[in-house]
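Structure first, commentary second.
The values are calculated or read from the model by the stated rules, or taken from the named source; none is laboratory data. Owing to the predicted nature of the structure, the values given are computational and were not obtained by experimental measurement. Here the Cβ is made from the backbone with ideal geometry for all residues, glycine too, and neighbour counts use every protein chain on show. Protein only, heavy atoms only, side chains kept; ligands, DNA and RNA dropped before computing areas. Shrake-Rupley method; radii C 1.70, N 1.55, O 1.52, S 1.80 Å.
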Amino acid sequence: MVKKFQNFVGGRWVDAESGQTFENRNPANWGECIGLFPKSGRGDVDRAVEAARKAFESWRLVPPPKRGDILKNVGDLMVARKEDLARQMTREMGKVLAETRGDVQEGIDTAYYASGEGRRLFGRTAPSELPDKFNMAIRVPIGVAGIVTPWNFPMAIPTWKIFPALLCGNTVVFKPASDTPATAAALVEILMEAGVPEGVVNLVHGGGGEVGTAITGHPDIDLVSFTGSTAVGRKIAEASGATLKRVSLELGGKNAQIVMNDADLDLALEGVLWGAFGTTGQRCTATSRLILQEGVHDTFLGMLIARVKKLKLGDGLDDGVDVGPCVNEGQQKTVHGYVGVGLEQGAELAAGGRIPRDGDLARGWFYEPTVFTGVRPEHRIAREEIFGPVLSVLRVHTLDEAVAVLNDTVYGLSSSIYTKNTNDAFRAIRDIKAGITYINAPTIGAEAHMPFGGVKQTGNGHREGGWTVYDFFSEWKTVYIDYSGGFQRAQIDNYRS
Ligand code: NAD
């Protein structure tokens, strides 16, 4: 019997207005159906927004430390259910269990950070230019937040958005990716059990074209936090012009790791394997390009290919598996299409490049870990986000050339350089155009209490994570209190000449 899931609106589990459903299947074994989910539309979003708007009037008055207490409960429940959540997530989107455990842990870290923020949420005071007057700026809630998320971090990314949104006193309408709706449902159950009042968090399942657009264009939604592709982000930015709502966009990447001649090659090798093939390369921060200085090019490539050929593909729930499947058939086709493009444009295939057709692997959307050598900066596989287990290797002569090649992309999310030379490391930090730079560590591995986000077409300048996300989910209100008992005019009465 396939489990049937529902939306969560105004504190009740309900079907979509249409009564229709969609299936969610295990990408490692597409014969296994995880559940049926409501295929929602605009009317379902309207009801969720109405519930969130009503709940906002009481939630905004709950003192932030009390909101923080609820988020502490959320973190505790996630700790208790970590293993179950991780297993369900692996079944749903394929990445290996160690990584889905990490995904849940990121949510736990975010919950505890948000809980502590309940007793900070600092404002500022500044002296007034006039006598007997007090100036301060305080953070106030904004209203209803629309949260639209991708499938590659089905727990971590929603928590990065929903927890600070709630802590700041906003209410939420949440649309998860249709490849990972069960993880979203489990998160909402936890929020309710932890004590989030009815209507404060609403969950609407469905497609981006219907539910996503209904949320991002909704006149009664005050702010939108979106993570996903640059193509969709661009549409949301255009649409948000009509209502001038506040929008945070976390989009694509084309991240690179540089390995200099003086690098610790063993360390750099572990870094690139994890960066390029972790989450089957389906991370916004995945290492998609490897930039090798010529002195280590051949040696490092030899080490890399030997290890890539040993990576074990399989069901992420099985012990010893290094790389899980692509999330769905479309993603597998996209990856294979890019391999064709790489070959056509003259890059050389040094490993992988095939859809496995044998045994258990034939039942899922697997793709062999793939390495292209002889890639030039103008090749499409060096420029476009592939979002799969494909690594493009480029050869450079100097640090300046390495940084120029790394920067030669419309994206700017994560970056990495392996070197023992402190001067080169600091020059790279100065010159690399990216939101995140790692020294002697791979392009992946963000920590929940640090700002996360990118430059250029990776986003629109906001940062998730850490203290910075609280700027997005709260509004500054400036307050002037005149206790002089007289009429005082700023700028004018102080400076009469
Ligand atoms: P996607 O853009 O296809 O979908 C993301 C979400 O948007 C989904 O919930 C989807 O249903 C919804 N959506 C689709 N069309 C929409 C529309 N027109 N209006 C509103 N919502 C719509 O992305 P994806 O395939 O789920 O995720 C992969 C992409 O996400 C990659 O480009 C990756 O780099 C990016 N990503 C970025 C970050 C980051 O923090 N920068 C993190 C993870 C993933």
*Taking segment 395-424 as the search range and keeping residues that are closer than 19 Å to Asp266 by Cα and open to solvent by less than 10 Å² (accessible area, probe 1.4 Å), which one is farthest from the ligand (Cβ to nearest atom)?*
Thr419
*State which residue pairs qualify: first residue under 20 Å from Glu384 (Cα atoms) and polar (S, T, N, Q) and inside segment 230-245, second residue within 11 Å of the ligand (Cβ to nearest atom) and open to solvent by less than 60 Å² (accessible area, probe 1.4 Å) in any location, beta carbons under 7 Å apart, and separation of 6 or more residues or different chains.*
Thr230/Leu251; Thr230/Gly252
_Being open to solvent by less than 10 Å² (accessible area, probe 1.4 Å), within 16 Å of the ligand (Cβ to nearest atom), under 22 Å from Leu394 (Cβ atoms) and hydrophobic (A, V, I, L, M, F, W, C) narrows it down to one residue among Ala351, Ala276; which is it?_
Ala276
*For residues that are outside any loop (DSSP other than H, G, I, E, B) and away from the ligand (no atom under 13 Å from the Cβ), scanning just segment 451-471, find the one that is most open to solvent (accessible area, probe 1.4 Å).*
Asp471
*Can you name every residue in segment 86-140 that is open to solvent by less than 10 Å² (accessible area, probe 1.4 Å), under 22 Å from Thr280 (Cβ atoms), of a type in the set (A, V, I, L, M) and touching a residue at least 40 places away in the same chain (Cβ under 8 Å)?*
Met89, Met93, Val104
_Could you go through segment 292-306 and let me know if any residue there is within 27 Å of the chain's Cα centre (by Cα) and of a type in the set (Gly, Ala, Ser)._
no
*Would you call Leu77 under 21 Å from the mean Cα position of the chain (by Cα) and not hydroxyl-bearing (Ser, Thr, Tyr)?*
no
*Could you look through segment 416-439, keep only residues that are part of a helix (DSSP H, G or I) and of a type in the set (Val, Ile, Thr), and pick out the one that is farthest from the chain's Cα centre (by Cα)?*
Thr422
_Quick check on this structure: which one of Thr409, Thr422 is closer than 19 Å to Asp262 by Cα and not aromatic (Phe, Trp, Tyr)?_
Thr422
*asked:* Restricting to segment 394-434, name every residue that is touching a Pro at 6+ places or on another chain (Cβ under 6 Å) and of a type in the set (Asp, Glu).
replied: Asp408
*Every residue from segment 232-259 that is of a type in the set (A, V, I, L, M, F, W, C) and within 14 Å of the ligand (Cβ to nearest atom)*: Val232, Ile236, Ala237, Ala239, Ala242, Val247, Leu249, Leu251
*Considering only segment 186-223, state which residues are without any contact (Cβ under 8 Å) to a residue 12 or more places away in the chain and within 16 Å of the ligand (Cβ to nearest atom).*
Gly209
_Show the residue pairs meeting these rules: Cβ distance below 7 Å; 6+ apart or different chains; first residue within segment 45-63 and of a type in the set (A, V, I, L, M, F, W, C); second residue assigned to a loop (DSSP other than H, G, I, E, B) and open to solvent by 70 Å² or more (accessible area, probe 1.4 Å)._
Val49/Asp220; Ala55/Glu198
*Would you please name the residue that is surrounded by the fewest Cβ atoms within 10 Å (Cβ to Cβ), looking only at residues in segment 474-492 that are in a strand (DSSP E or B) and of a type in the set (D, E, K, R)?*
Lys477
*If you scan segment 287-308, which residues turn out to be open to solvent by 10 Å² or more (accessible area, probe 1.4 Å) and touching a Ser or Thr at 6+ places or on another chain (Cβ under 8 Å)?*
Ser288, Gln293, Leu301
*Would you check which residues across segment 134-159 are within 15 Å of Val247 (Cα to Cα) and either within 10 Å of the ligand (Cβ to nearest atom) or among the polar types (S, T, N, Q) (or both) and list them?*
Gly146, Ile147, Val148, Thr149
*asked:* Between a residue in segment 362-385 that is within 24 Å of Met93 (Cα to Cα) and of a type in the set (D, E, K, R) and any residue that is in a loop (DSSP other than H, G, I, E, B) and away from the ligand (no atom under 16 Å from the Cβ), which pairs come within a Cβ distance under 6 Å, given they are 6 or more apart or on different chains?
replied: Glu368/Gly352; Glu368/Arg354
_Residue check, Phe8 within 17 Å of Met192 (Cβ to Cβ) and in contact with a strand residue (DSSP E or B) (Cβ under 9 Å, 6 or more places away or on another chain)_ = yes
*Hey, Thr183 within 14 Å of the ligand (Cβ to nearest atom) and among the hydroxyl-bearing types (Ser, Thr, Tyr) or not*: yes
*asked:* Let me spell it out: the conditions are (1) of a type outside the set (D, E, K, R); (2) more than 13 Å from the ligand (Cβ to nearest atom); (3) farther than 21 Å from Glu348 by Cα, and Ile291 meets all of them except one. Which number is the exception?
replied: (3)
*Taking Asp262 and the conditions (1) more than 16 Å from the ligand (Cβ to nearest atom); (2) at pLDDT below 95, which numbered condition does it fall short on, given that it satisfies the others?*
(2)
